[in-house]
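Q: Here it is, the structure, as structure tokens.
Bear in mind that the values in this text are calculations on the coordinates, not laboratory data. Since the model is a prediction, treat every value here as computed from it, not as a measurement. Cβ placement follows ideal geometry from the backbone for every residue including glycine, while neighbour counts extend to all protein chains displayed.
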Amino acid sequence: MTTAKIILDGNLVAASIKESLLGRINRLSEKGIVPCLATILVGDDPSSATYVRMKGNACKRLGIESIRVVLPKNTSTDELIEAINKLNADPNVHGILLQHPVPEHIDERAAFEAIRIEKDVDGVTTLGFAQNAFGLADFPSCTPAAIVAILDYYKISIEGKHAVVIGRSPILGKPVSLMLLNRNATVTMCHSKTTNLEEMVRLGDIVVAAVGKPKFVHGDWIKPGAIVLDAGYNVGNIGDVDYESCITNASAITPVPAGVGPVTIATLLKHTVEASEKLTLN
Ligand code: NAP
């Protein structure tokens with residue numbers, strides 16, 4: 001028997017999120033407020049520069065202002081924190097995104113912590129993370145929030161499902177695990193020291209791949225009927241899931257590109273609009 005496949009179309013989900021923001025942006029504009037996202041790029045990593053450009057372009061298309069702060073590779077932690085503090089203090093900046101990863105000599109955690117919570121639109125501070133753990137975050141990390149938004153858009157129930165998350169990074173694997181747990185999934189979090197990974201993944205009704213390794217998840221790890229969400233974005237637009245083999249058993253799957261990526265950007269725009277509403281309308 002062949003199972004009907006749902007290709008979880010990230011462009012469709014992203015369009016619906018952006019559409020829902022138009023009226024809110026107009027209402028802000030009537031009050032003379034333009035939501036503004038500041039992105040900070042340290043160094044000259046070409047992929048990071050591309051991501052920052054994509055985010056800036058997405059802002060522009062929707063009428064959100066974007067400020068790009070580009071700092072040289074040899075910027076110190078203190079200099080980076082000083083740049084963040086300037087943006088914290090700027091009343092016209094509503095969201096701050098420090099593009100990850102920063103050069104190795106920088107204390108990335110200290111830099112993230114410097115972002116004012118009201119402007120932490122990507123949920124990178126420990127306070128933002130903790131709020132997300134309690135299900136209380138205004139701005140959970142954008143990629144985890146995008147994954148949940150895709151499931152919600154397609155009305156895929158989370159409650160009672162066994163979710164297997166591969167990856168435990170503070171911006172992706174851990175927060176998405178907590179979000180799924182808060183939505184009453186039973187969650188297994190896997191990582192590089194997990195000894196029986198394939199067996200774990202085979203238990204998943206929902207599988208989230210957040211590994212950073214191209215085509216890492218193979219089709220024969222996927223339980224028939226499982227829902228597969230690929231957060232991976234590797235060089236050459238390649239996901240962490242081997243789409244061609246995983247689609248055989250999956251009942252629903254995100255492609256790469258046009259899966260989690262566009263929804264992550266739309267979520268960032270949504271958080272920026274919400275931050276500007278909170279910072280200016282209260
Ligand atoms: P990361 O910080 O490098 O974390 C990777 C995680 O994968 C770690 O927890 C690591 O385990 C685990 N891992 C590595 N090798 C493994 C293995 N052989 N078996 C099981 N687990 C393994 O990466 P990240 O920042 O979370 O990003 C993950 C992926 O998502 C990347 O492809 C990235 O490009 C993508 N991403 C996409 C978006 C988007 O908008 N779509 C946004 C952010 C990231 P340990 O903890 O044990 O080291």
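Q: Mind putting a number on the dipole of the chain about its Cα centre? Charges go on the C-beta only, +1 for Lys and Arg and -1 for Asp and Glu, and I need it in Debye to the nearest 20.
A: In total the dipole reaches around 520 debye.
Q: Under the classification rounded if a/c is under 1.5, otherwise prolate if a/b is larger than b/c and oblate if not, where does segment 141-260 fall, given a ≥ b ≥ c as square roots of the Cα gyration tensor eigenvalues?
A: rounded
Q: Then there is this: For Lys31, which lysines qualify as cross-link partners when the Cα separation must be under 30 Å and same-chain residues fewer than eight apart are set aside?
A: In chain and number order, the partners are Lys18, Lys55, Lys60, Lys86, Lys119, Lys270, Lys278.
Q: Identify which of Val42, Val208, Val121 has the largest mean-square fluctuation in a Gaussian network model of the chain, with springs joining Cα atoms closer than 10 Å.
A: Val42
Q: With θ set to phi - 60°, apply the Karplus curve 6.51 cos²θ - 1.76 cosθ + 1.60 along segment 235-240 and write out the HN-Hα couplings as whole Hz, x wherever there is a Gly or Pro.
A: Each residue of segment 235-240 in turn: 3, x, 6, 10, x, 8 Hz.
Q: Might you report the magnitude of the Cβ-based charge dipole of segment 129-282 about its Cα centre, with Lys and Arg at +1 and Asp and Glu at -1, to the nearest 20 debye?
A: Rounded to the nearest 20 debye, it is 240 debye.
Q: Rounded, prolate or oblate: which fits segment 31-116, taking a ≥ b ≥ c as square roots of the Cα gyration tensor eigenvalues, rounded meaning a/c under 1.5, else prolate when a/b beats b/c?
A: oblate
Q: Which ³J(HN,Hα) values in Hz, rounded to whole numbers, follow from the phi angles of segment 65-77 under the Karplus curve 6.51 cos²θ - 1.76 cosθ + 1.60, where θ = phi - 60° and Gly and Pro get x?
A: With coefficients 6.51, -1.76 and 1.60, one gets 7, 10, 10, 10, 9, 10, 10, x, 4, 8, 4, 8, 4 Hz.
Q: Another question about this same structure. Counting Lys and Arg as +1 and Asp and Glu as -1, what is the net charge of the other residues whose Cβ lies under 11 Å from the Cβ of Gly63?
A: +3
Q: Using the Karplus curve 6.51 cos²θ - 1.76 cosθ + 1.60 with θ = phi - 60°, work out ³J(HN,Hα) for each residue of segment 144-156 in order, rounded to whole Hz, and write x for Gly and Pro.
A: x, 5, 5, 4, 5, 4, 5, 4, 5, 4, 8, 6, 8
Q: How much net charge surrounds Leu136 when only the other residues with a Cβ under 15 Å from the Cβ of Leu136 are counted, with Lys and Arg +1 and Asp and Glu -1?
A: Within the 15 Å Cβ shell, the charges total -2.
Q: Could you grab the Rg to Rh ratio for the chain? Cα atoms only, Kirkwood for Rh.
A: Details: Rg = 18.7 Å, Rh = 19.2 Å.
Using only Cα positions, Rg/Rh for the chain is 0.97.
Q: Also, quick follow-up: For segment 93-134, what does the alpha-carbon gyration tensor say about shape, rounded, prolate or oblate, given a ≥ b ≥ c as the root eigenvalues, a/c under 1.5 as rounded, and a/b over b/c as prolate?
A: oblate
Q: Among Met179, Ile150, Ile206, pick out the residue whose Cα is farthest towards the positive end of the charge dipole of segment 141-260, where Lys and Arg carry +1 and Asp and Glu carry -1 on C-beta, about the Cα centre.
A: The Cα lying farthest towards the positive end belongs to Met179.
Q: Using alpha carbon centroids, what distance separates segment 149-202 and segment 53-105, in Å?
A: Between the Cα centre of segment 149-202 and that of segment 53-105, the gap is 30 Å.
Q: Which order do the peptides 176-183, 266-273, 134-141 come out in when sorted by mean C-beta neighbours inside 10 angstrom, highest first?
A: Ranking the peptides 176-183, 266-273, 134-141 by packing returns 266-273, 176-183, 134-141.
Q: By per-residue mean of other Cβ atoms within 10 Å, what is the highest-first order of 31-39, 78-86?
A: Working: 31-39: 19.1, 78-86: 16.3.
Those peptides, ordered most packed to least, come out 31-39, 78-86.
Q: Then there is this: Is there a quick way to get the dipole size of segment 31-116? I mean about its Cα centre, with the Cβ of Lys and Arg at +1 and of Asp and Glu at -1; what is the value in debye to the nearest 20?
A: For this selection, approximately 600 debye.
Q: What is the fewest-to-most order of Ser169, Ser276 by other Cβ atoms lying within 10 Å of their Cβ? Please list the in-between numbers first.
A: Details: Ser169 17, Ser276 26.
Final ranking by Cβ density, sparse to dense: Ser169, Ser276.
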